[in-house]
Amino acid sequence: MRTRDLDEAIDAVTKVYCPHTVQVIGPGREVDVVLEVTRPTSQPLVELSYGVPVDIDAGNFPHLFLMMHCADGGASTTQGNQSAEWYRGQTLPFSAGLETRLRFDRAFVQKSVRLNAEGLEALCSRWLGHPLRQPLRFALRHDVNIALKLVSRNKRSICSRLFSQPSCQGAKPPARSVALARYGRAVLRASRITHICTLVSI
């Protein structure tokens, strides 16, 4: 979708992510929001831009684990007691259950994947060999780029190639969900290898 109606954009993004507020930075600026959701399942791939500088208050990011890749421009964020900036070509992992503020510049374009929270926690529990004793948290660092190369370059992403394979063409929703689940697990494995995940429960 593409809209210059900020309220319409907030409603649409809320359905993909979580309730939030958006404040345009600077007077007399009109948003030009572009939202594209690929494979709208429990692990959607999302492209989003506002066309103007914005401040976003995303509350406590309920049930939302997110890998947000900066395809253009730059942004900054605070999650809990962690802060970070990231720019074109970098990716940040966001954790659920933390007060989250974001600031996007005019050129910022995000390409993100929402990870399945229950699957993520179950996978980490298997790695540890016991149930998580405290909430799962990512370290707010952008050394996860290797893990998210698949969403960094348009239709050349691994996920896009995955869905272009003959075995997935014309596939029913369950087959697509399995493919996305495999994609999510690949991201999580790469995230583990690059040590961006901080398990408070260890």
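General remarks:
- Per-residue HN-Hα couplings for the range 126-133 [Karplus 6.51, -1.76, 1.60; θ = phi - 60°; Hz; x = Gly/Pro]: 5, 4, 6, x, 7, x, 5, 8
- Residues whose placed amide H lies under 5 Å from that of PHE94, excluding near-sequence neighbours: LEU66, MET67, MET68
- The range 30-148: C-alpha gyration tensor shape, a/c 1.5 cut-off, then a/b vs b/c: prolate
Only the coordinates and a few stated rules stand behind these numbers; no lab work does. Computed from a prediction, not measured in an experiment: that's the story for all the values here.
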